[in-house]
Amino acid sequence: MTQALDEIKIGGLGASRKRVEDSRFIRGRGNYTDDIVLPGMLHMEILRSPLAHARIKSIDASRAWDIPGVHLVLTGEMMATRNLAWMPTLSYDTQAVLATDKVRFQGQEVACVIADDPYIAKDACEAIVVEYEPLPAIVNPQDAVAPDAPVIRDDKENQPDNIIYNWEVGDAAGTDRAFAQADVISKLQLHYPRSHPSPIECCGSIADFNRATSKLTVYMTTQAPHIIRAAVAMVAELPEHMIRIISPDIGGGFGNKVPVYPGYVCSILASILLERPVKWIEDKTGNLISTGFARDIYLNGEMALRRDGRILGVRMHCDADHGAFFSDAQPSKFKIGLLHSAFAAYDIPAAHLTARGTYSNKAPGGVAYRCSFRVTEAMFFQERMVQAAADDLGMDQAAFRRMNFVRDDDFPHRTAFGFLTDSGQYAKCLDVGLRAIGYEEFRREQTEARARGRLLGLGISTMTEPLGAGNSREYDILGIKMFDSAELKVHMTGKAIVRTGARTQGQGHETTWAQIVAHELGIPADDIVVEEGDTDTAPFGMGTYASRSTPVAGAAVAMVARKIRAKARKLAAHLLEVSEEDVEWELGRFYVRSAPSRGVTIQECAVAAYANMPDGMEPGLENTAYYDPPNLTWPFAVYIVTVEVDPVTGVWDVLKTVAVDDCGVRINPMIVEGQIMGGLTEAYAMSSMQFITFDTEGNCVGSNYMDYLLPTAWETPGFELHSEVVTPCPHHPIGAKGIGECAAVGGPAAFVNAVMDALSGTGVRNIDMPLLPDRVWEALTHRRDVSGAPPVRSDD
Ligand code: MCN
Ligand code: CUM
């Protein structure tokens, strides 16, 4: 007699199973793009522009061609003869592959050399002589719209200025009415600085075109292989079935590996021309200076408040600096991503958002870096605004939030900007967080410390994040609807393989997808292998970003397992010689309802699918599921930080950080905690030390790890995580919500609010990130806001 299995023992839902991928990573046996060596492979290097804005007068590559070992020099002019000098972006703009007319940001791709080894290629790049005529550079949205501003995109027809779009969402008239009724209007203006995902592994590709088979295989660092396949088919005009994109192990993505980069395109063209594999591996400066930036937006807004603390309405305006090309990877309907997810956790009657996007002489980007399409900026503004409003009302931070939260019995809730949120226990999360930080006691300590000249502060931040695009009714990228997929093959011995259209970059899909199958079928997770990232074998999917994998691909895994279970039930009925209606399921086993001791395991059903199927049944135990989610999932979190600020130096130390995350059902609690800790580390980095900025000539400050700081274990404070609040997602098959970005989204405001709270009463309303000690000191001593990104300030 077989027994129901213990789910945790087989590595099912809720098991903190060790990450299976780590067994190769910690042994140094990962297989990253740069580890791949193909016979006859050549190497490509990119020559980048030293100037931010300049007309190209001439490019002389003759000396480069003469260097022994050089096989090909690509320039914009050559690309243009094949109609490849420009490529379409994911936001319906165009982007230069190799510059022809002008360079538009420092680090822009100007030429490529393909040679026997990367050193020869690099030397040959230096032998290329480019004559530039410098033009004035624009490095912020304010200057971009000045009447005498040079037009950056003079390559485009109907582009007389630097404005990309003006966009709005919400109810302007209703918001005006709310403001007319306000007792108090609270205002806030801030800048979310340009930052960079900066994964340890840079971007790269190996293109391998085989003339004999007409097949193009590209190994590349991409979070979304199928979208890349479609893009390559379009850009290079190759038949899609002859393109195979393989995304091997990825050394961190964080959004950096979503866009299509010129290096990919050039390596592909070079391989087609040379009929040899061409490898391009970006160096760290290339990665930091030219690839998918994040944020860089100026936000200002105001909140209409009733004296008793109720929020009546919100107005927001955003000026977004997109760099030289509008290449954001985001759902096409929304010009400024999901910035209007702001205030989704608060019950606000009316809201209106306007946004203006502009070009500048900076690398393109805007969305990437643990952002879910600008939710990072939305939540940062929201929680800074909420703190400012509570201060203006003289209300307690926590009480003000609790009063305005969407209540547990208000779901489904339509937000002021039109999203539908479906579940949450916001007040409970807040209470757990306040208890953990020792709220009342800290407030007392803070008052006493103040009296002795010590500055203590406590910052609260909450976040609710729309994760898991689609549904396909509303979300698409370049017209391709956003859904995802999973394929499950159960072999005859009961072992299995799962493939999805997502692509893990460190999140642990190889571990967690097997857990979902274990939960649905009772096959031990160790008997299931997970494979992603090869377009020839994986079912079509939109890839991994916006923490959409668990909400969409993970749901598809559960759904395909259920299809398999449905077939296995028929096999069980056949084996048990009863009708299907008389068969019951418990984890890993079907049994006869009237005689529970008579049963067959899922493994026995698997054998039967190949060796003993009933007459007329299609053999095999394999299936595919495409999943189009009915809605986004809406995780919620509360982050609370306490700090002490040294009034003499402006240095601040984190005393304690508490995180309460409700991401619904946790598949693997250990992996979820890892995601939260990583996100909090990035949040701390952004709030305290990280930024990429530009001088007035457009020189990028932050193109190396001396200027762009990544915190190590030494700088990073400890985090206390709480997991007791679990609100299952009502529409997800296993009740899970996304978690991959939550802490990076909600965390920064907690750190900044804590420092601002320590400075309360000094008249300083805002210090923009990063809160470097000199900026905090300046705010304290001069009692004024410190805004803009250092060292270029918007206020001088
Ligand atoms: N998970 C879980 N239970 C839940 C939710 C998630 O056990 N209720 C698990 C998942 O099964 C998965 C991991 O947590 O193994 C993250 O899941 P999910 O929230 O679905 O996010 P994605 O897998 O889609 O990952 C994307 C997200 C994004 S957009 C960025 S950016 C980011 C992030 O993940 N980049 C990362 N975390 C990262 N972590 C690492 N190590 N490396 C990156 O590049
Ligand atoms: Cu915007 S970073 Mo993640 O969504 O790949």
**OP:** Sort out which residues of region 540-558 are touching a helix residue (DSSP H, G or I) at 6+ places or on another chain (Cβ under 7 Å) and not hydroxyl-bearing (Ser, Thr, Tyr), and write them in order of number.
**Re:** 540, 541, 542, 543, 554, 557, 558
Original post:
Given (1) of a type in the set (Ser, Thr, Tyr); (2) out of contact with any Pro (no Cβ under 6 Å at 6 or more places or on another chain); (3) within 16 Å of ligand 1 (Cβ to nearest atom); (4) within 24 Å of residue 379 (Cβ to Cβ), where does residue 642 come up short, assuming only one miss?
Top reply: (3)
Original post:
If only one of 268, 228, 281, 297 is over 28 Å from residue 702 (Cβ atoms), in contact with a strand residue (DSSP E or B) (Cβ under 6 Å, 6 or more places away or on another chain) and of a type outside the set (Gly, Ala, Ser), which one is it?
Top reply: 268
Original post:
Mind checking which pairs have a first residue in region 358-382 that is farther than 26 Å from residue 151 by Cβ and outside any loop (DSSP other than H, G, I, E, B) and a second that is among the β-branched types (Val, Ile, Thr) and at pLDDT 95 or above, Cβ under 6 Å, 6 or more apart or different chains?
Top reply: 375/745; 376/745; 377/297; 379/745
Original post:
Among (1) assigned to a loop (DSSP other than H, G, I, E, B); (2) over 25 Å from residue 651 (Cα atoms), where does residue 713 come up short?
Top reply: (2)
Subject >> Breaking point among (1) surrounded by fewer than 24 Cβ atoms within 10 Å (Cβ to Cβ); (2) under 22 Å from the mean Cα position of the chain (by Cα), for residue 603 >> reply: (2)
**OP:** Could you check, for region 518-540, whether at least one of its residues is polar (S, T, N, Q) and under 36 Å from the mean Cα position of the chain (by Cα)?
**Re:** yes
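Give 481, 428 a once-over and let me know the one that is within 28 Å of the chain's Cα centre (by Cα) and over 20 Å from residue 635 (Cα atoms).
Working: 428 fails: over 20 Å from residue 635 (Cα atoms).
Only one candidate qualifies: 481.
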**OP:** With a cut-off of at least 2 residues that are over 21 Å from residue 551 (Cβ atoms) and touching a Gly at 6+ places or on another chain (Cβ under 8 Å), name the strands (runs of 3 or more DSSP E) lying wholly within region 423-539.
**Re:** 455-464
**OP:** Identify, from the list 48, 17, the residue that is under 30 Å from residue 603 (Cα atoms), surrounded by 16 or more Cβ atoms within 10 Å (Cβ to Cβ) and either of a type in the set (Val, Ile, Thr) or touching a Ser or Thr at 6+ places or on another chain (Cβ under 9 Å) (or both).
**Re:** 17
Original post:
Among all residue pairs at least 6 apart or on different chains, which show Cβ distances below 7 Å where the first residue, located in region 770-782, is part of a loop (DSSP other than H, G, I, E, B) and the second is among the polar types (S, T, N, Q) and at pLDDT below 95?
Top reply: 770/690
Original post:
Out of (1) within 21 Å of the chain's Cα centre (by Cα); (2) away from ligand 2 (no atom under 16 Å from the Cβ); (3) under 30 Å from residue 181 (Cα atoms); (4) not hydrophobic (A, V, I, L, M, F, W, C), what's the single condition that is false for residue 341?
Top reply: (2)
Original post:
Quick one: what pairs do we get from region 249-263, first residue within 10 Å of ligand 2 (Cβ to nearest atom), second basic (Lys, Arg) and assigned to a loop (DSSP other than H, G, I, E, B), C-beta under 9 Å, 6+ apart or different chains?
Top reply: 253/503; 254/370; 255/370; 257/503
**OP:** State which residue pairs qualify: first residue of a type in the set (Lys, Arg) and inside region 202-223, second residue modelled with pLDDT of 95 or more in any location, beta carbons under 6 Å apart, and separation of 6 or more residues or different chains.
**Re:** 211/275; 215/242
**OP:** Hey, could you check region 247-259 for residues that are surrounded by fewer than 23 Cβ atoms within 10 Å (Cβ to Cβ) and assigned to a loop (DSSP other than H, G, I, E, B) and say which is farthest from ligand 1 (Cβ to nearest atom)?
**Re:** 248
Subject >> Scan of region 324-353 for residues that are closer than 29 Å to residue 257 by Cα and of a type in the set (Asp, Glu), ordered by number >> reply: 328
Subject >> Residue list for region 693-709, filter: surrounded by fewer than 14 Cβ atoms within 10 Å (Cβ to Cβ) and in contact with a Lys or Arg (Cβ under 9 Å, 6 or more places away or on another chain) >> reply: 704, 705
**OP:** Check region 350-370 and report whether any residue there is within 16 Å of ligand 1 (Cβ to nearest atom) and among the polar types (S, T, N, Q).
**Re:** no
Original post:
Of these, 554, 506, which one is within 16 Å of ligand 2 (Cβ to nearest atom), crowded, with 24+ Cβ neighbours inside 10 Å and closer than 28 Å to residue 328 by Cα?
Top reply: 554
**OP:** Output the residue which, of all residues in region 205-227 that are farther than 10 Å from residue 245 by Cα and surrounded by fewer than 24 Cβ atoms within 10 Å (Cβ to Cβ), is farthest from ligand 2 (Cβ to nearest atom).
**Re:** 212
Subject >> Tally, over region 655-673, of residues that are buried (at least 23 other Cβ atoms within 10 Å of the Cβ) and closer than 24 Å to residue 780 by Cβ >> reply: 1
**OP:** Could you tell me whether region 756-769 includes any residue that is in contact (Cβ under 8 Å) with a residue 12 or more places away in the chain, within 23 Å of residue 371 (Cα to Cα), surrounded by fewer than 21 Cβ atoms within 10 Å (Cβ to Cβ) and in contact with a Pro (Cβ under 6 Å, 6 or more places away or on another chain)?
**Re:** no
**OP:** Within region 372-379, identify whether any single residue is surrounded by 24 or more Cβ atoms within 10 Å (Cβ to Cβ), among the hydroxyl-bearing types (Ser, Thr, Tyr), closer than 23 Å to residue 167 by Cα and within 16 Å of ligand 2 (Cβ to nearest atom), and answer yes or no.
**Re:** yes
Original post:
For region 735-746, does any single residue satisfy the condition of being within 16 Å of ligand 2 (Cβ to nearest atom) and of a type in the set (Asp, Glu)?
Top reply: yes
Subject >> Lone qualifier among 282, 302 - being of a type in the set (Asp, Glu), more than 16 Å from ligand 2 (Cβ to nearest atom) and in contact with a Cys (Cβ under 7 Å, 6 or more places away or on another chain) >> reply: 282
**OP:** Run residue 294 past the list (1) over 24 Å from residue 744 (Cβ atoms); (2) within 16 Å of ligand 2 (Cβ to nearest atom) and report the number of the one that doesn't hold.
**Re:** (1)
Subject >> Search result, residues across region 311-345 that are surrounded by fewer than 23 Cβ atoms within 10 Å (Cβ to Cβ) and touching a helix residue (DSSP H, G or I) at 6+ places or on another chain (Cβ under 7 Å) >> reply: 312, 315, 319
**OP:** Go through the residues of region 715-724 one by one and say whether even a single one is surrounded by fewer than 16 Cβ atoms within 10 Å (Cβ to Cβ), of a type in the set (Asp, Glu) and within 15 Å of ligand 1 (Cβ to nearest atom).
**Re:** yes
**OP:** Filter region 234-246 for residues that are in contact with a helix residue (DSSP H, G or I) (Cβ under 8 Å, 6 or more places away or on another chain) and either assigned to a loop (DSSP other than H, G, I, E, B) or among the hydroxyl-bearing types (Ser, Thr, Tyr) (or both) and give the result.
**Re:** 236, 238, 239
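The values are calculated or read from the model by the stated rules, or taken from the named source; none is laboratory data. Please read these numbers as outputs of a predicted model, since none were measured by experiment. Please note: Cβ atoms are built from the backbone with ideal geometry, for glycine as well, and neighbour counts cover all protein chains shown.
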